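These notes concern the structure reproduced below.
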Amino acid sequence: CPAFAISQEYYEHPDFTLAGRAASVVARNILEHGLSPGELININVPALPIEEAGEFEVTRLGKRVYQDQLIERQDPRGIPYFWIGGPPPSGLAVEGTDFHAVVNRRIAVTPIHLDLTGRRLLKRLRTWDWTLPNEPATD
């Protein structure tokens, strides 16, 4: 099942016209070209009027810097839950990344694959000794 996620920078009184048009272009391309199982496309849109936006840019994921605030609350039944808030993330605007594209008024198109397996570590882990001991550890 092909999928994409789209998000837009948020400011007071947002205009989602650009994001809506971008979504239609992305959907058209996915329907025309398809995606493989486990793949999706992440779209990041600058908060701009459509006439001020740049082009689409195919990017890689950039690094985000989060400064989350974790607030413990209780629901009406007294069960605790956590609310994650804080200021919007900043990032490193490295050329070729989604963050760089949005900072430079372009719509970032980033391919995502849901298999997060660390392939190099996987090979190393297969060489380790995974034998369960006959006796419990004493330390």
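Each reported figure results from applying straightforward, stated rules to the coordinates on display, with no laboratory input. These figures come from a predicted structure and were not determined experimentally. Neighbour counts run over all protein chains shown; Cβ positions are idealised from the backbone, glycine included.
Before anything else, pin down the relative contact order of segment 1-121: Cα pairs under 8 Å, at least 6 apart, normalised by residue count, whole percent. Don't skip to the end; give the middle numbers.
On the way: 205 pairs, mean separation 36.8, N = 121.
Normalised by residue count, the contact order of segment 1-121 is 30 percent.
Residues with beta-carbon under 13 Å from that of residue 112, excluding residue 112: net charge, scoring Lys, Arg +1 and Asp, Glu -1?
Once positives and negatives cancel, what remains is -2.
Once you order the gyration tensor axes a ≥ b ≥ c over the Cα atoms, which shape class does segment 18-68 get: rounded for a/c under 1.5, otherwise prolate or oblate by comparing a/b with b/c?
The shape class here is oblate.
Given [x] -0.55, -0.85, -0.97; [y] -0.50, -0.76, -0.88; [z] -0.29, -0.59, -0.78 as candidate values of log10 I(q)/I(0) by the Debye sum over Cα atoms at q = 0.10, 0.14, 0.16 Å⁻¹, which corresponds to the one derived from the coordinates?
[x]
Could you please report the charge total around residue 45, scoring K, R as +1 and D, E as -1 over all other residues with beta-carbon less than 13 angstrom from its beta-carbon?
-3
Hey, what number do you get for the chain at 222 nm if only DSSP H runs of n ≥ 4 count, each worth -39500 (n - 2.57), divided across all residues, to the nearest 500?
Per the formula, -6500 deg cm²/dmol.
Give the residue from 7, 31, 86 lying farthest towards the positive end of the charge dipole for the chain; charges sit on Cβ (+1 for Lys and Arg, -1 for Asp and Glu) and the dipole is referred to the Cα centre.
31
For helix 17-33, what angle does its Cα long axis make with the longest principal axis of the chain, in degrees from 0 to 90 and rounded to 10?
Result, in degrees: 70.
Most mobile of 99, 82, 16 per a Gaussian network model of the chain (Cα springs, under 10 Å)?
82
Tell me, what ³J(HN,Hα) does each residue in segment 69-76 have, in order and in whole Hz, if you take phi through Karplus 6.51 cos²θ - 1.76 cosθ + 1.60 with θ = phi - 60° and put x for Gly and Pro?
Karplus values, whole Hz, x for Gly and Pro: 10, 9, 10, 8, 10, 10, 7, x.
What residues qualify as long-range amide H neighbours of residue 106, i.e. H under 5 Å apart, gap of 5 or more or another chain, H built at 1.01 Å from N?
Residues meeting the criterion, in which the H sits 1.01 Å from N, are 54.
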